[in-house]
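Working notes, structure below.
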Protein chains: 2
Amino acid sequence: MTGLPIRAHNTSGYEAPSGLTAEPVVFALVHGELTVLLVRRVHEPFRGMWGLPGGFVGYGEAPEETAQRKLTEKTGVGQIYLEQLKTYADPGRDPRGWIAAIAYLALIPAHSLQGYASGEGGPLSDAGAWWPVASPPELVFDHDAMIRDGVDRLRGKLWYSNIAVGLLPHEFTMPEARHVYEEISGMQYEPSNFRRELIASGLVQRTGGRVMGKSGRPADCYAFIDSTPSWSERRSRIPARKTEKTGQQ
Amino acid sequence: MTGLPIRAHNTSGYEAPSGLTAEPVVFALVHGELTVLLVRRVHEPFRGMWGLPGGFVGYGEAPEETAQRKLTEKTGVGQIYLEQLKTYADPGRDPRGWIAAIAYLALIPAHSLQGYASGEGGPLSDAGAWWPVASPPELVFDHDAMIRDGVDRLRGKLWYSNIAVGLLPHEFTMPEARHVYEEISGMQYEPSNFRRELIASGLVQRTGGRVMGKSGRPADCYAFIDSTPSWSERRSRIPARKTEKTGQQ
DNA sequence: GCAATAGTGTCTTTAAGACATTATGGG
DNA sequence: CCCATAATGTCTTAAAGACACTATTGC
């Protein structure tokens with residue numbers, strides 16, 4: 001907690017924050033468990049404590065670029081799914097002063113992780129580690145809230161979008177997909193019904209491949225039709241549609 | 001477009017935005033039509049043009065407070081539903097320089113509007129007006145995107161939350177509620193099925209009152225059980241639940 | 001063949017969509 | 001009584017949940 005709070009203002013006389021950060025909340029599946037990427041802070045305040053791998057947005061930089069850049073620095077993967085989560089800008093959230101933080105949700109597919117994560121909380125490039133979202137360490141600032149919001153978003157969109165694309169490898173089997181969905185949602189799915197639902201969503205397609213597990217019948221391979229996460233076309237059967245009157249949909 | 005872009009930075013040497021604004025996207029129903037509150041800008045740039053009733057966040061102020069304050073100044077209503085939508089901070093979005101904007105979704109119940117809106121786009125306190133979201137005027141900055149995002153959020157949450165609380169009066173009839181839902185979603189609902197769905201959601205309750213229209217049978221009055229918008233308890237029947245194994249829900 | 005796991009089929013239950021019927025006001 | 005509108009009931013269709021059964025591997 002070195003440094004006193006600082007005040008900035010612009011030439012119009014308006015007060016301004018003294019910094020804007022982008023904070024990627026990066027999820028990945030490590031050994032089937034939903035984990036979040038955390039790094040040890042190298043600067044004060046809270047040096048050495050765990051936090052999200054974010055950083056300050058530079059002049060002329062889009063915050064999303066910042067998030068992408070920081071993420072690539074730490075994980076080596078680039079061009080991955082990023083979605084704005086929420087902005088945290090309440091006074092007092094950062095002891096250095098008035099600093100606003102834009103949190104982003106990011107997902108890393110399992111196959112991209114080879115060589116980076118080596119087990120439970122295994123270290124990666126720069127003092128970073130994958131921590132289970134179920135049992136994170138003590139976190140700096142309000143990063144715990146950011147992770148919570150990230151998990152909530154992931155859960156909320158799971159069945160309405162193909163957001164799971166971001167976590168699954170390009171090709172996957174139904175049991176694999178099921179475990180991912182179960183891990184995220186915290187629910188148990190009946191295998192045959194899960195299959196039916198996922199296929200009915202229209203998001204996945206058989207690839208023709210098959211994969212053998214330790215034992216038992218080999219599993220068919222599937223892939224998401226759209227590789228970029230987006231909202232599903234799935235007609236959620238929510239409201240009782242009236243016998244069509246106008247041209248409205 | 002007076003004034004040159006300005007650069008600010010904090011004493012740590014990090015570059016910082018030269019301002020942070022809160023922009024409430026305020027929706028209300030005027031004569032059954034979904035409208036958004038817009039004001040004419042009194043300052044440069046784009047003086048005289050229409051924009052959201054936002055303003056700069058002051059030092060020590062939470063952005064949500066700013067939004068609430070600005071909103072109260074313009075409409076006279078306070079303590080209404082506010083929900084963070086998205087932050088816009090890309091370079092070039094504001095000709096004055098690097099200014100980040102946090103957009104908020106706000107809803108004003110029909111009964112609070114008496115005396116403020118007087119018809120289609122009628123003026124209120126300070127050069128403000130309710131504009132139909134279907135046909136807004138030309139807007140400053142990226143305020144059109146903010147309104148679009150607001151409408152999307154409203155639509156998305158309509159059946160999963162009691163967000164409509166914010167737009168409906170305390171007591172309302174089924175036909176009233178139906179019209180609101182139809183206006184927001186752009187769909188037509190079959191009256192008896194709409195009733196069944198809304199009651200099944202567990203969000204509303206009969207109050208005992210009845211209201212007579214111009215003719216026909218009087219309508220029963222209902223009210224939302226929770227007056228603060230929140231997520232619904234409604235079991236959306238999305239995934240095929242497995243015969244319960246663990247204690248997980 | 002047996003264990004283990006994946007895939008297919010189908011029966012039951014329940015919710016959604018359609019629509020007829022009844023109820024309650026004003027002329 | 002007739003018109004207009006709201007409320008109720010119910011029939012049909014389709015999706016979700018449960019679970020039996022078949023298929024394909026290794027041992």
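Annotations
- Buried accessible surface for the A/B pair, both sides summed and rounded to the nearest 100, is 4800 Å² with a 1.4 Å probe.
- Segments B:21-33, A:174-186 sorted - mean Cβ within 10 Å per residue, highest first: B:21-33, A:174-186
- Greater than 26 Å apart at Cα, pairs in A:Lys86/B:Lys157; A:Lys70/B:Lys70; A:Lys86/B:Lys70; A:Lys74/B:Lys157; B:Lys86/B:Lys157: A:Lys70/B:Lys70; A:Lys74/B:Lys157
- Rounded Å value of the spacing that divides the Cα centres of the stretch B:152-229 and the stretch A:21-98: 41
- Portion, in percent, of the accessible area of the stretch A:169-224 that falls on carbon or sulfur, probe 1.4 Å: 50
- Remark: label point of B:Glu33 defined 7 Å out from Cα along the Cα-Cβ vector; separations to the same position in other copies 5.7 nm, ascending.
- 10 Å Cβ neighbours from other chains, averaged over peptide A:45-53: 0
- Placing a label point 7 Å from Cα along the Cα-to-Cβ direction at A:Arg210 gives distances to the equivalent points in the other copies of 6.8 nm, listed shortest first.
- Förster radius 22 Å - calculated FRET efficiency between B:Arg196 and B:Ser227 (Cβ-Cβ, nearest 0.05): 0.45
- For B:Gly60, the label point sits 7 Å beyond Cα toward Cβ; its separations from the matching points on the remaining copies run 3.6 nm, from shortest to longest.
- Solvent-accessible area per residue for the stretch B:163-224 (1.4 angstrom probe, square angstrom): 49
- Once the Cβ-Cβ distance of B:Glu183 and A:Asp152 is raised to the sixth power relative to R0 = 30 Å, the FRET efficiency obtained is 0.55.
- Legend: mean number of C-beta atoms from other chains within 10 angstrom of residue C-beta atoms, peptide A:55-61, equals 6.
- Within the stretch B:161-179, backbone nitrogen closer than 15 Å to the virtual label 7 Å beyond the Cα of B:Ser112 toward Cβ: B:163-171
- Over the stretch A:169-224, relative contact order from alpha-carbon pairs under 8 Å, at least 6 apart, %: 42
- Cα pair distances exceeding 27 angstrom across the stretch A:15-157, given as percent: 14
- Separation in nanometres of the label points that stand 7 Å from Cα toward Cβ, at B:Asp90 and A:Gln79: 1.9
- Partner chain coverage, peptide B:84-92 - average Cβ within 10 angstrom: 6
- Pairs of C-alpha atoms in the stretch A:169-224 farther apart than 12 Å represent 66 percent of all such pairs.
- Taking the average, over residues, of other Cβ atoms within 10 Å as the packing measure, peptides A:102-110, A:189-197 rank A:102-110, A:189-197 from highest down.
- Ranked packing of A:150-157, A:74-81, most packed first, by mean Cβ within 10 Å: A:150-157, A:74-81
The values are calculated or read from the model by the stated rules, or taken from the named source; none is laboratory data. In this text, all values refer to a predicted model and were calculated from it rather than measured experimentally. Here Cβ is always computed from backbone atoms with ideal geometry, including for glycine, and neighbour counts include all displayed protein chains. Keep in mind that these areas ignore ligands, DNA and RNA; they rest on the heavy atoms of the full protein, side chains included. Shrake-Rupley method; radii C 1.70, N 1.55, O 1.52, S 1.80 Å.
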